[in-house]
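The values are calculated or read from the model by the stated rules, or taken from the named source; none is laboratory data. None of the values given here were measured: they were computed from a predicted structure. Because the Cβ atoms are built from the backbone with ideal geometry, glycine has one as well, and the counts that use them run over all protein chains shown.
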Amino acid sequence: MKRKEYNAIKARRARRVRERIKGNHERPRLSVFRSNKFTSVQLIDDMNKTTITSASSRESKKKESKISGAQYVGKMIAERAKKAGIEKAVFDRGSYRYHGRIKALVESARENGLIL
């Protein structure tokens, strides 16, 4: 499969997931991005088209595995959401399957008090 075809399939998959998900100020969208090395996440208010807060595994001081980096990101986004006064969010997995790093991030966020 060529890179262009792969990107088109990935974009179509993400669009299909996002059609059903909308975030507002009370319950923003938790959007995940996964690269080869790092994991990052944003809380997005789709009504005002603004990012409320974000976190990334690049912020971690120590070298970690990808899974533990994702757990760190889940913990950080839950803490930052609490500071912003947000208790609930809608999870947007984008074009990624719910396993591995994505699952570790969400479970860590839930353990630290964010309702998804």
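Kindly indicate whether I21 is within 21 Å of R110 (Cβ to Cβ), free of Cβ contacts under 8 Å to residues at least 60 places away in the same chain and not basic (K, R). For I21, the condition - within 21 Å of R110 (Cβ to Cβ), free of Cβ contacts under 8 Å to residues at least 60 places away in the same chain and not basic (K, R) - is not met. Scanning segment 61-73 for residues being in contact with a helix residue (DSSP H, G or I) (Cβ under 8 Å, 6 or more places away or on another chain) and either modelled with pLDDT under 85 or charged (D, E, K, R) (or both) gives a total of 2. Under the condition of being closer than 19 Å to K63 by Cα and either more than 13 Å from the chain's Cα centre (by Cα) or of a type outside the set (G, A, S) (or both), the residues counted in segment 18-40 number 5.
Scan the strands (runs of 3 or more DSSP E) fully inside segment 18-116 and keep the ones with 3 or more residues being exposed (fewer than 13 other Cβ atoms within 10 Å of the Cβ). I'd like the intermediate steps shown before the answer.
On the way: elements: 29-34, 39-45, 50-56, 90-92.
Passing ranges: none, list empty.
Of all residues in segment 101-115, those that are under 24 Å from A11 (Cβ atoms) and touching a Lys or Arg at 6+ places or on another chain (Cβ under 8 Å) total 2. Take the conditions (1) in contact with a strand residue (DSSP E or B) (Cβ under 9 Å, 6 or more places away or on another chain); (2) touching a residue at least 60 places away in the same chain (Cβ under 8 Å); S56 misses just one of them, which is (2).
Of all residues in segment 1-17, those that are closer than 15 Å to D92 by Cβ have Cβ atoms under 7 Å from Cβ atoms of residues that are among the basic types (K, R) and at pLDDT 85 or above, 6 or more apart or on another chain, in V17/R93.
Looking only at segment 44-79, which residues are of a type in the set (V, I, T) and either touching a Phe, Trp or Tyr at 6+ places or on another chain (Cβ under 9 Å) or closer than 18 Å to D92 by Cβ (or both)?
First, pick out the residues of segment 44-79 that are of a type in the set (V, I, T): 44, 50-53, 67, 73, 77.
Matches in segment 44-79: I44, T50, T51, I52, T53, V73, I77.
Within segment 67-95, the set of residues being among the β-branched types (V, I, T) and under 12 Å from the mean Cα position of the chain (by Cα) comprises V73, I77, V90.
From the set of residues in segment 88-116 that are modelled with pLDDT of 95 or more and among the acidic types (D, E), which is nearest to F38 (Cα to Cα)? Per the criteria, the residue is E107. Give me a count of the residues in segment 62-116 that are in contact with a Gly (Cβ under 6 Å, 6 or more places away or on another chain) and β-branched (V, I, T). Number of matching residues: 1.
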